[in-house]
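Novice: Okay, here's the structure, questions in a sec.
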Amino acid sequence: CVVQIGSPKSVTRAIQRVGRSGHSLEAASKGVFIPMERDDLLEVLVMSKAAETGRLDNVYIPENPLDVLAQHVVGMSVEKKWSIDEAYRLVKNSYNFRSLDREAFIGVLRYLSGYYRHLEGYKVYGKIWLDEAEGIFGRRGNLARVIYMTNTGTIPDMAMVKVFTRDNRPVGNIEEEFFERLSPGDIFLLGGKPYKCVKSRLMKLIVEPAEGEKPTVPQWFSEMLPLSYDLANMIDEFRVRELQTILFDRKDDRVKHYMEFFKIDRKTAIALYDYLRITAEYFSNMGVLPYIRKGSLIIENYLDDSGRQVVIFHSLVGRRVNDVLSRAYAVAASNMLGSVSIQISVSDNGFLLILPPKYRVDPEKVVKSVNSSNLYELALSSIEKTDMLKHRFRHVAVRSFMILRNYKGHEVMVSKLQLNSEHILKAIKDLKDFPVMKETYREILEDAMDVKNALRFMSEVEDGLRSPLICKPNRVASPISHSLLVSSFTDVVLMEDKRTLLERLHKEVLAAIHAVN
């Protein structure tokens, strides 16, 4: 029997993990899911039902990854001389490259042939020769085969980032994936103590102690997976249906229904009922419950204890989509306030924007300022000058053979790779349609995030399929926002703080509902 702590975040992943048990023709595969909190409970129940009924997630396949294409082109050139047309037809036979346009293919050939001569000053040399007039290309030099055989592969070399104080005192190490999401001013926990980001350089982060301050970014778990877009829609569909009807049924009847429908015990069914019931009562008191539909974008205008405005977006579409949406809305809100720094916190179920004290923004204006026409550019502008861009560029540059991680049998250190990539990034950033730069943006916005479904989300808002519902300003946050608020204002290391805040938020909701009733 497989025991899964927390949600595996997708139906297919759940089936795959449960399938690791019962490895024989006669045995049945069995799995037990242990949810960690109420949102997790709802997620696991809907996921299990979807698995039982055969509703699987769609498979995500990256489209037109130009760094992988560069590897294949070099590999092809090692074997023989190619006609450009023949090579293009062959590449297009791959599902990943079925929509690759010819100009992008030629762009990769030009890059690999040393078309950008000024890059030789950064030790970026051609790996193939290209004759566009004759329409042919082939291997350049005797080292091409060695370079290909010793540098091919798509998994990037990752390293721990060293953390130091201003006076160069070592504090510890953090994972590179966590590091690339930090910005100056962010407060995070390391070794149980809070530190504020000051600046970064290569694989080094400079911080200063932030005693008495709460973390502004959630704790990082490298194995934390994003909720799939399809499962998110299934959860939203179930939650909306329950919110619309739960106030009209007797508790015992609804609990019995949950026990039979999900095949769960009475305690679990009661926990689910209580969570959905209190959520329905909250939004009923806010006057938005009758208007909640599948796909509704519920927006809370919450004021926290310190008087800061927190705009909470309940967009149940998964963390990768919410990463794009949150950045776009944050840039739009920041522009309205004169480039004020706005803190973002993202989860699978939504995201929130935390404004500095004394600043206020109209949520309705923020919502209207972002649309399917400007979403991509807003998201793109949010990643410029970030460590994420610098480090993802290194990954792509290594895959594209722009920077070699193995040269003549010698492994190059990650810190040296990062240094070289940052020098090259400055040299090519303004080059229009440069393949390695295009692929870096694609990897961030399509693989790390999900800009395609984010654009789909915005189009559905514009077409009326998703209706924004803005709640009036309130000092009491809804039950479905508690997990997001807790992850934003505390860290899981401080379990006592987390428990205390959750209890207080829950009591505030109960008091507000009872006062109205």
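Read-outs throughout are calculated quantities, based only on the coordinates presented, and are distinct from any laboratory measurement. The model shown is predicted, which means the values in this text are computed figures rather than measured ones. Cβ sites come from the backbone with ideal geometry, for glycine too, and all protein chains shown count toward neighbours.
Novice: Please give, to one decimal in nm, the separation of the simple spin-label points placed at Lys214 and Glu503, each 7 Å out from Cα toward the Cβ.
Specialist: According to this spin-label approximation, the distance is 1.6 nm.
Novice: How large is ³J(HN,Hα), in whole Hz, for each residue of the range 460-477 in order, when computed from phi with the Karplus curve 6.51 cos²θ - 1.76 cosθ + 1.60 and θ = phi - 60°, using x for Gly and Pro?
Specialist: My calculation for the range 460-477 gives 5, 5, 5, 7, x, 6, 10, 9, x, 10, 9, 7, 5, x, 8, 9, 10, 8 Hz in order.
Novice: Could you rank the peptides 290-298, 507-515 by their average count of other C-beta atoms within 10 Å per residue, with the highest value first?
Specialist: 290-298, 507-515
Novice: Next question. Run the paramagnetic zone check for Glu384: 7 angstrom along Cα to Cβ, then residues of the range 423-463 with backbone nitrogen under 19 Å.
Specialist: Correct set: 423-446.
Novice: Let me ask something else. For the ranges 452-461, 101-110, 397-406, what's the packing order if you count other beta-carbon atoms within 10 Å of each residue, average per peptide, and put the highest first?
Specialist: 397-406, 452-461, 101-110
Novice: Would you please classify the overall shape of the range 374-517 from the alpha carbon gyration tensor, given that a ≥ b ≥ c denote the square roots of the eigenvalues, rounded means a/c under 1.5, and beyond that prolate means a/b larger than b/c while oblate covers the rest?
Specialist: Judged from the Cα gyration tensor, the range 374-517 comes out oblate (a/c at least 1.5, b/c at or above a/b).
Novice: Turning to a different aspect of this structure: Using packing as a proxy for protection, rank 309-317, 1-9 so that the peptide with the highest average count of other Cβ atoms within 10 Å comes first.
Specialist: The packing order, highest mean first, is 309-317, 1-9.
Novice: Still on this structure, I have one more. Just to be sure I understand the model, the point goes 7 Å from the Cα along the line to the Cβ. What's the resulting Arg102 to Phe261 distance in nm?
Specialist: Once both label points are built, they end up 5.5 nm from each other.
Novice: Would you please give the residues with an amide H less than 5 Å from that of Phe33, counting only those at least 5 places away or on a separate chain, with H modeled from the backbone geometry?
Specialist: Amide H neighbours of Phe33: Gln4.
Novice: Check which residues have an amide H placed less than 5 Å from Asp249's amide H, if you skip close sequence neighbours.
Specialist: Here nothing satisfies the definition.
Novice: Along the range 96-111, what does the Karplus equation 6.51 cos²θ - 1.76 cosθ + 1.60 (θ = phi - 60°) give for ³J(HN,Hα), rounded to whole Hz, x for Gly and Pro?
Specialist: These are the phi-based 3J(HN,Hα) values: 4, 10, 4, 9, 5, 7, 4, 4, 5, 5, 4, x, 5, 4, 5, 4 Hz.
Novice: Something else about it: Roughly what % of DSSP beta bridges within the chain run antiparallel, to the nearest 5?
Specialist: 75
Novice: What does the extension gain come out to for Ile61 and Gln16, with contour length at 0.36 nm per residue minus their alpha carbon separation?
Specialist: 14.4 nm
Novice: Then there's this: Any chance you could check the Cα centroid distance between the range 160-177 and the range 372-406 for me, in angstrom?
Specialist: One Cα centre to the other: 23 Å.
Novice: I've got another one for you. With a point put 7 Å past each Cα toward its Cβ, work out how far Tyr95 is from Lys432 in nm, to one decimal.
Specialist: Those two pseudo-labels are separated by 3.6 nm.
Novice: Let me ask you something else. Please list, by residue number, everything in the range 389-428 whose backbone N is under 19 Å from a paramagnetic label point 7 Å out along Cα→Cβ of Met149.
Specialist: Label zone hits: 401, 404-412.
Novice: What are the residues whose amide H is under 5 Å from the amide H of Ile470, where those residues sit 5 or more places off or on another chain and H is modelled from the backbone?
Specialist: When sequence neighbours closer than 5 places are left aside, the close amide H contacts are Ile299.
Novice: Give me Rg/Rg_expected for the chain, where Rg uses Cα atoms only and Rg_expected = 2.2 N^0.38 Å with N residues.
Specialist: Relative to the rule-of-thumb radius for its length, the chain sits at 1.08.
Novice: Tabulate in residue order the Karplus-calculated ³J(HN,Hα) for the range 19-29, using 6.51 cos²θ - 1.76 cosθ + 1.60 with θ = phi - 60°, rounded to whole Hz; enter x for Gly and Pro.
Specialist: Values per residue, Gly and Pro as x: x, 6, 9, x, 7, 7, 5, 8, 7, 9, 6 Hz.
Novice: Which FRET efficiency, nearest 0.05, do Ser339 and His23 yield, Cβ-Cβ r, R0 51 Å?
Specialist: 0.30
Novice: Rounded to the nearest 500 deg cm²/dmol, what is the calculated helix-only ellipticity per residue at 222 nm for the chain, with -39500 (n - 2.57) per DSSP H run of length n ≥ 4?
Specialist: -14000 deg cm²/dmol
Novice: Equivalent-ellipsoid semi-axes (√(5λ), Cα gyration tensor) for the range 295-475, whole Å, largest first? Present the calculation step by step, with values, prior to reporting the outcome.
Specialist: Numbers: eigenvalues 261, 63, 39 Å².
Semi-axis lengths for the range 295-475 are 36, 18, 14 Å.
Novice: Using 0.36 nm per residue, how much length does the chain from Ser372 to Glu411 gain when fully extended, once their Cα-Cα distance is taken away?
Specialist: Stretched out fully, the Ser372 to Glu411 stretch lengthens by 9.6 nm.
Novice: For the range 166-275, with only Lys/Arg (+1) and Asp/Glu (-1) charged at the beta-carbon, what is the dipole magnitude about the Cα centre, in debye rounded to 20?
Specialist: 320
Novice: Where nothing but the Cβ of Lys and Arg (+1) and of Asp and Glu (-1) is charged, how large is the charge dipole of the chain around its Cα centre, in debye to the nearest 20? Don't skip to the end; give the middle numbers.
Specialist: Values: 73 positive and 67 negative charges, 168 e Å.
The calculation lands at about 800 debye.
Novice: Which FRET efficiency value, to the nearest 0.05, is calculated for Asp253 and Glu175 with the Förster distance at 30 angstrom and r the Cβ-Cβ distance?
Specialist: About 0.05, to the nearest 0.05.
Novice: Once you sort the root eigenvalues of the Cα gyration tensor of the range 136-288 as a ≥ b ≥ c, which label holds: rounded (a/c under 1.5), prolate (a/b larger than b/c) or oblate (the other case)? Present the calculation step by step, with values, prior to reporting the outcome.
Specialist: Working: a/c = 3.42, a/b = 1.67, b/c = 2.05.
In terms of gyration-tensor shape, oblate.
Novice: What is the fewest-to-most order of His118, His391, His72, His506 by other Cβ atoms lying within 10 Å of their Cβ?
Specialist: Fewest-to-most ranking of His118, His391, His72, His506: His118, His506, His72, His391.
Novice: Of the beta bridges DSSP finds with both residues in the range 295-475, what % are antiparallel, to the nearest 5?
Specialist: 80
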